[in-house]
Every structure is written in structure tokens, then in C-alpha cells.
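What follows is a set of notes on a single structure, which appears directly below.
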Amino acid sequence: MKKHNFNAGPAILPPSVFREASAAVLDFAGGLSILEISHRSTEFTKVLDETTALIRELLNLPEYYEVLYLSGGASTQFFMTAMNLLDADARACYIDTGSWSAKAIKEAKAFGRVEVVGSSKEDGYSYIPKDIQIPTDAAYLHITSNNTIFGTQFHQLPETSVPIVADMSSDILSRPIDINRYGLIYAGAQKNLGPAGVTLVVVNKEMLGKVSRTIPSMLDYRIHISKQSTYNTPPVFPIYVMMLNLRWLKENGGLKAVDKRNKEKAAILYSEIDANPLFKGVVTEAADRSLMNVTFRLEREELTADFLKACATAGCVGVKGHRSVGGFRASIYNAMEKSSVEVLIGVMQEFSKQRG
Ligand code: PMP
């Protein structure tokens, strides 16, 4: 039976990417597997170059932005950003929109003054705080552009001239962005980019070299820039799969086209949640709903396990909500087909006919 993969991450990738990746495991470079070639080989250098060219093109990067492929997940970026960008006596502003923001805040506190300028914590992170005053002397403003667990997303950036540092782990390359507003963006690959194991960092070079502390080489963006992400062995295979996925994204019309498809998918699913008397959305402000992670619950929560069974019977996997929120979460990243969202909607409608 066809599986419709609604997992939050690691998550769905296009079937063509899986096919091409598996072929490269068997034979990538004249009888050698992608898994056994040097990260300094001509073949892999070409992969790195093409991946970077695709990122540059898709995000429309000016030349003073650098693209890095690092290890350690987005969680390492929680402290690496602050270590590289926040001096001990400087301040950075953070907006707390969920568990991942809270972790970024906690980690940054080790390096400088951290000011939480907005938070929806008291209301269960059910909306995105608005009208936030951001001091102009802040080194940066950190946001989590999409909150994977609670299902909220920034659809408008806060008004500020301060460079934004964004954790885009769960909505990177899902829509066009104005890169000039960002000093740095980072994303663990395992949602919209590729497999787990590589973290993408895009940084405006002008942000770097301004802190006085000593930074260990592996945690210094400037070292990785000077070595084009091969200061140490980068995650070769995840980068290769990311390249295949970026090719797919470009062939399918790039960010404008994927944004349109993502909006259509989210719209039909949220319409069903709103129209179906058995279900309700988790996010209180409809304008802040995520286009990537759609969170919802049953009016009668005691039916939760039964609904998950109905999903599984239809091949819909990964629909269970995060343990801290409960209910359901349908992650509908770039590679998710509208037809799979329609299958889930069908399950909701049938469930409502039988149990409503
Ligand atoms: N930020 C966000 C928004 C996430 O969704 C996640 C993972 N789900 C993380 C950070 C942590 O990423 P990693 O596991 O790659 O460290």
C-alpha cells in the first residue's frame, strides 16, 4: 500500500531523489559508491559546487552571503550563532515561539546578554507575538521562522533594522524570502532539504569577526568559509542527497511554484479542520498557522487513538502530534503531494461520518 508520510522529520523526500540516491550508493564515480569517495575528490567537489550554486540561485543570494554545510544539527547552531555573533557585553533579542526557540535562548545565554522581546509561552505557544519593539543596538534578532511542534509560522517578519538570525529548520526553501533581512539562517536538513546529518548555514560575511572571544576552529564560521566546508570531513552523502533534492526543487519551478503548492495543500487541510465538526485547530490565530506543520485535535479527545488507527489503515503515517501538544500533526513539506493530503482529508471525512 502507498504510504503517505506526514512525519515531522526526518521527513518525506521526492521518490526520484530516493531512486537517484540509491543508484549513487551502488555506483557514483566509475564503479565507486558515493559512500567511499574522498570529500576532496573532483567528483565530490563538483557536488559541493552544484549544491552551493543551487542554494545561491534558489535563495537569490548576493555574493557576500556564504553557504556552509555543517554537522551537529540545528541544535549546534543554537550556540554557534551566539558564539560567533554575540560579544560578552553585547545584547541579542530573541522571540520565544516554542520549544526550539526556548532552547536557542537557553544556549545563547552562555555568551552574552539575551533579551526575550516577545513570547507566546504563557498561551501554550498558540500564536506568533506581534508589534514587538526591538532595540536598534541589538547584535541580532533571533526567530524560529516555523515552529515544528506547535504549528505556527512567521508570515511577516518583525519590523526592525537589526539583522535577523533565523532557525528555518522546518520551512527552509518552502517559500521565497527576502534574504537581505537576514544576517544568518540555519536549518537541519531533515525536513525540506535532505536526510539528517547536514546543517545548512547561510551567513552574511559582514556579520563575522566582530566578537572578541576565542572560537574553537570547528565552531568558527570563518574557518569553515575559508575551507569551503571541508575543514573536516563534511557529511558527504547527506550533501549529495540535498543536491538531488535541490535539483528537483528547481526543476519543479523553484520557490514561487513550491510556495503556491504548499499554500494549496495547507488551505485544503485547514478548511477540512475548520469545517469538520469533529476536529479543531491547535493554533488560536488563524493568520499564524504553519503551512508546513498542520496541528489539530479532536473535539472528543478520547477518540484520538481510533483516528490514528483510521489514518494507518489508509496508509497515512506520522500523523500523531508531538508528545508536548498531543492531538495530530500533519507535516506537509515540499515533497508532499496534494493527493496525499487529500487522502488524509478523506480519512477525516469518513471518521466524522462514522463517529460524528
Ligand atoms: N529547530 C527546529 C525548528 C526544529 O524543528 C528542530 C528539529 N525538529 C530543531 C531545531 C533541532 O534540530 P536538530 O535535531 O537538527 O538539532
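Numbers at a glance
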read-out: Every residue from the range 308-345 that is part of a helix (DSSP H, G or I) and within 26 Å of ASP171 (Cβ to Cβ); value: LEU308, CYS311, LYS338, SER339, SER340, VAL341, GLU342, VAL343, LEU344, ILE345
read-out: Residue match in the range 57-69 (condition: in the same structural domain as VAL201 (by TED's automatic domain parsing), without any contact (Cβ under 8 Å) to a residue 12 or more places away in the chain and surrounded by fewer than 18 Cβ atoms within 10 Å (Cβ to Cβ)); value: yes
read-out: Members of the range 244-285 found to be farther than 30 Å from ARG56 by Cβ and free of Cβ contacts under 8 Å to residues at least 12 places away in the same chain, listed by number; value: ALA267, SER271, ASP274, ALA275
read-out: Residues located in the range 257-307, provided they are more than 15 Å from GLY356 (Cα to Cα), outside any helix (DSSP H, G or I) and open to solvent by 20 Å² or more (accessible area, probe 1.4 Å); value: GLY281, VAL282, THR284, GLU285, ARG289, LEU291
read-out: Verdict on LEU184 being surrounded by fewer than 19 Cβ atoms within 10 Å (Cβ to Cβ), touching a helix residue (DSSP H, G or I) at 6+ places or on another chain (Cβ under 9 Å) and in the same structural domain as LEU59 (by TED's automatic domain parsing); value: no
read-out: Enumeration of residues in the range 246-256 that are at negative phi and surrounded by 13 or more Cβ atoms within 10 Å (Cβ to Cβ); value: LEU246, ARG247, TRP248, LEU249, LYS250, ASN252, LEU255
read-out: Residues that are open to solvent by less than 80 Å² (accessible area, probe 1.4 Å), at pLDDT below 95 and within 26 Å of THR313 (Cα to Cα), drawn from the range 1-32; value: none
read-out: Test: residue in the range 187-200 that is more than 14 Å from the ligand (Cβ to nearest atom), open to solvent by 30 Å² or more (accessible area, probe 1.4 Å) and either assigned to a strand (DSSP E or B) or not basic (Lys, Arg) (or both); value: no
read-out: Identity of the residue in the range 133-149, open to solvent by less than 20 Å² (accessible area, probe 1.4 Å) and assigned to a loop (DSSP other than H, G, I, E, B), that ends up nearest to the ligand (Cβ to nearest atom); value: THR148
read-out: Criterion (touching a residue at least 24 places away in the same chain (Cβ under 8 Å) and either open to solvent by 10 Å² or more (accessible area, probe 1.4 Å) or within 16 Å of the ligand (Cβ to nearest atom) (or both)) met by exactly one of PRO216, PRO163; value: PRO163
read-out: Residues being without any contact (Cβ under 8 Å) to a residue 12 or more places away in the chain and open to solvent by 30 Å² or more (accessible area, probe 1.4 Å) - total across the range 33-49; value: 6
read-out: Qualifying residue in the range 129-138 (condition: under 16 Å from LEU200 (Cβ atoms) and modelled with pLDDT of 95 or more); value: no
read-out: Matching helices (runs of 4 or more DSSP H) fully within the range 11-111 where at least 1 residues are within 15 Å of the ligand (Cβ to nearest atom) and among the basic types (Lys, Arg); value: 99-108
read-out: Flag if LYS121 is within 13 Å of the ligand (Cβ to nearest atom), under 24 Å from VAL325 (Cα atoms), more than 18 Å from the chain's Cα centre (by Cα) and assigned by TED's automatic domain parsing to the domain that holds LEU200; value: no
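The values are calculated or read from the model by the stated rules, or taken from the named source; none is laboratory data. These numbers come from a predicted model, not from an experiment. Glycine also receives a Cβ, built like all others from the backbone with ideal geometry; neighbour counts cover every protein chain displayed. Only protein heavy atoms, including side chains, enter the accessible area calculation; ligands, DNA and RNA are left aside. Shrake-Rupley method; radii C 1.70, N 1.55, O 1.52, S 1.80 Å.
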